[in-house]
């Protein structure tokens, strides 16, 4: 069984090597194969970042053209899928930067509060329902998506890259052109703001 | 007369982390990147501070919901690309080649 798994992994690696060679040679059929194989997942990524179908499709197109132009520089240190994932994230972020900025709620309004003694002012929450049980409810999913959309863009982007796309802090910093310290601060504030926006989902108990 | 809450508040001033300091390092605590000594101080604070315990539970739940909604809420990636989109991408490649 282990032998068969190793063989399957080796076959996949061989197929990907051949596909890369064909792509570098400018083979149109290979390019189409890549579009069809990796496109659906890349489109999902673009949709998550842009929350607009038109913008997601535009940025996907941009991503594939960039990939086509840069395939000669792809050294194969990561998988083709990972490389394409990064390209579509960057294309989506470029699209985001090009958008007209919309009015944003100040993140300060969503930060936790402390009294003059630096003691937290916080209701007592009773969260007994499991995540699995909550997430199947449509109103919960809608509130979570709407809350993430409400975050100011610079915080929302860090949250998406770190918590959803699972980039490391260093990778987020490199992608956004900011330092790791700034990534950590923005991530924390984004998470704190999201918690504030999701408070209607939590049961408050007396205290 | 000082009640329990007042005693807890005064203890927070005696070489222990206060709630604002807890706020600054929550993510280090949650991703277990905190040095053990600091972690011990953090946990000591949580033992005494129900506001921070409550906050962290809600904070963790918000993170978990955010992660799950994107892995479940948008559904799995579609099996196929919209054909019009595939054609548009292939046509764009053709233009880029010229």
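Given only helices, namely DSSP H runs of n ≥ 4 each adding -39500 (n - 2.57), what is the per-residue ellipticity at 222 nm of the protein assembly as shown, to the nearest 500 deg cm²/dmol? Provide the component values of the computation, followed by the final result.
Values: 14 runs with 202 residues, N = 305.
Theoretical 222 nm ellipticity from helices: -21500 deg cm²/dmol.
Quick check: the angle from helix A:138-150's long axis to the longest principal axis of chain A, C-alpha only, nearest 10 degrees?
Computed tilt is about 90 degrees.
May I ask you to sort A:127, B:56, A:71 by Cβ crowding, counting other Cβ atoms within 10 Å and putting the fewest first?
Numbers: A:127 15, B:56 21, A:71 18.
Least to most surrounded, the residues fall as A:127, A:71, B:56.
Give me A:9, A:140, A:45 sorted ascending by neighbouring Cβ count inside 10 Å, so fewest comes first.
On the way: A:9 10, A:140 21, A:45 25.
The order, fewest Cβ neighbours first, is A:9, A:140, A:45.
With an 8 Å cut-off on Cα pairs and a minimum separation of 6 or more residues, tell me the relative contact order of region A:1-93 in percent. Don't jump to the answer; show the numbers that get you there.
Numbers: 54 pairs, mean separation 29.3, N = 93.
In percent, rounded to a whole number, it is 31.
Quick one: angle between helix A:2-24 and the longest Cα principal axis of chain A, in degrees between 0 and 90, rounded to 10, please.
Compared with the principal axis, the helix lies near 70 degrees.
If neighbour count is taken as other Cβ atoms inside 10 Å, put A:183, A:121 in order from fewest to most.
On the way: A:183 23, A:121 11.
Exposure proxy ranking, most exposed first: A:121, A:183.
For region A:142-202 and region A:68-98, what is the centre-to-centre distance using only Cα atoms, to the nearest Å?
Cα centroid of region A:142-202 versus Cα centroid of region A:68-98: 21 Å apart.
On a 0 to 90 degree scale, rounded to 10, what angle separates helix A:28-50 from the longest Cα axis of chain A?
Helix A:28-50 and the main axis of chain A meet at about 10 degrees.
R0 = 22 Å: FRET efficiency of residue A:116 with residue A:179, Cβ-based, nearest 0.05? Write down the numbers at each step before the final one.
Values: r = 32 Å, r/R0 = 1.47.
The pair residue A:116/residue A:179 has a calculated efficiency of 0.10.
Read-outs: derived from the displayed coordinates by stated rules, not from any lab. As the structure is a prediction and not an experimental result, all values here were calculated from the model. Quick reminder, even Gly has a Cβ in these numbers, built from the backbone with ideal geometry, and neighbours come from all protein chains shown.
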